[in-house]
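Here's the structure, in structure tokens; my notes come after.
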Amino acid sequence: MMTEEKKAYLKAMGQRIKKLRTDKGWSQQELADRCGFSGRSIINKLEVGRNDINQNKLRILADALGVDVADILYVNTDEEHIKKMNLLLEHLE
């Protein structure tokens, strides 16, 4: 079962992925194709915060979007927020 904090984090990360994708004018299918994913459902599930993503796929996604992994992970540059997200990421590993 997912904690509320993790759910909120995944939702925020998904919103960031969606913004990066839509800023490029890409559909979910186009991003999935650029990543080499089998279909758009993985992108959809990430964008709505339903699924987490492993490090390998995160790197592929960031490369396809032309951004650093940190641009996807850190949606808030506030130092206290980043500390909280780092703690959360430690628990995910």
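Considering Ile72, Ile53, which residue is under 21 Å from His91 (Cβ atoms) and open to solvent by less than 20 Å² (accessible area, probe 1.4 Å)? None of the others qualify; the one that does is Ile72.
Name every residue in region 1-15 that is part of a helix (DSSP H, G or I), open to solvent by 70 Å² or more (accessible area, probe 1.4 Å) and not acidic (Asp, Glu), in order of residue number. Once the filter is applied, which keeps residues that are part of a helix (DSSP H, G or I), open to solvent by 70 Å² or more (accessible area, probe 1.4 Å) and not acidic (Asp, Glu), region 1-15 yields Lys7, Lys11, Gln15.
Residue-wise test of (1) in contact with a Lys or Arg (Cβ under 7 Å, 6 or more places away or on another chain); (2) without any contact (Cβ under 8 Å) to a residue 24 or more places away in the chain.
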position: Glu5; (1), (2): no, no
position: Leu10; (1), (2): no, no
position: Leu20; (1), (2): no, no
position: Glu47; (1), (2): yes, no
position: Gln55; (1), (2): no, yes
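For Ala62, the conditions (1) surrounded by fewer than 19 Cβ atoms within 10 Å (Cβ to Cβ); (2) in contact with a helix residue (DSSP H, G or I) (Cβ under 6 Å, 6 or more places away or on another chain); (3) under 21 Å from Leu89 (Cα atoms) all hold with the exception of (1).
The values are calculated or read from the model by the stated rules, or taken from the named source; none is laboratory data. Given the structure is predicted, the values throughout are model-derived calculations rather than measurements. Don't worry about glycine lacking a Cβ; one is built from the backbone with ideal geometry, like all the others, and counts go over all protein chains shown. We work out accessible area using only protein heavy atoms, side chains counted, and drop any ligands, DNA or RNA first. Shrake-Rupley method; radii C 1.70, N 1.55, O 1.52, S 1.80 Å.
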